1. Residues being farther than 25 Å from ARG28 by Cα and part of a loop (DSSP other than H, G, I, E, B): count how many of those fall in the range 58-83.
2. Go through (1) open to solvent by 40 Å² or more (accessible area, probe 1.4 Å); (2) closer than 23 Å to GLN4 by Cα; (3) aliphatic (A, V, I, L, M) and name the single condition ALA32 misses.
3. Given the criteria at pLDDT 80 or above and not charged (D, E, K, R), does VAL37 qualify?
4. Consider the range 1-43. How many of its residues are without any contact (Cβ under 8 Å) to a residue 40 or more places away in the chain, out of contact with any Asp or Glu (no Cβ under 9 Å at 6 or more places or on another chain) and under 23 Å from SER76 (Cβ atoms)?
5. Evaluate the following for THR45: is it modelled with pLDDT under 85, assigned to a loop (DSSP other than H, G, I, E, B), surrounded by 21 or more Cβ atoms within 10 Å (Cβ to Cβ) and within 12 Å of the chain's Cα centre (by Cα)?
Amino acid sequence: MSDQNVHNAGFTPSGISGGSLASSMMSREARASGGGVHSGGPTATLQEMGARGSTHSSGFTSSGISSGSQASQMMSQEARSHGGETPRGGTTSTVQSI
């Protein structure tokens, strides 16, 4: 995953850009959870990466998720909490797609 993709989606060091994919994700996630965006969810995870200005060490790559990385730990944890599968629209799949 490139830093530019994260920034282009609207996750920036200065916050989520209005009218962007990021703001749309944040809105959908907040509505689905009753008004808030959960720590560790797709929006919060991507915004953290955008604010840091670097996605290189996270393990989300154009070739897939790197073994032993933060991304692989996220995927494993998410799969365990969903009966062995990583759900479509979940944190791991959303972040990997961007």
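The values are calculated or read from the model by the stated rules, or taken from the named source; none is laboratory data. What you see is a predicted model; the values in this text were computed from it and never measured. Because the Cβ atoms are built from the backbone with ideal geometry, glycine has one as well, and the counts that use them run over all protein chains shown. Note: accessible area is taken over every heavy atom of the protein model, side chains too, but ligands, DNA and RNA are not part of it. Shrake-Rupley method; radii C 1.70, N 1.55, O 1.52, S 1.80 Å.
1. The total comes to 7.
2. Every condition holds for ALA32 apart from (2).
3. Numbers: at pLDDT 80 or above: yes; not charged (D, E, K, R): yes.
Here the answer is yes, as VAL37 does meet what is asked.
4. Qualifying residue count, the range 1-43: 3.
5. Working: modelled with pLDDT under 85: yes; assigned to a loop (DSSP other than H, G, I, E, B): no; surrounded by 21 or more Cβ atoms within 10 Å (Cβ to Cβ): yes; within 12 Å of the chain's Cα centre (by Cα): yes.
Answer is no for this residue.
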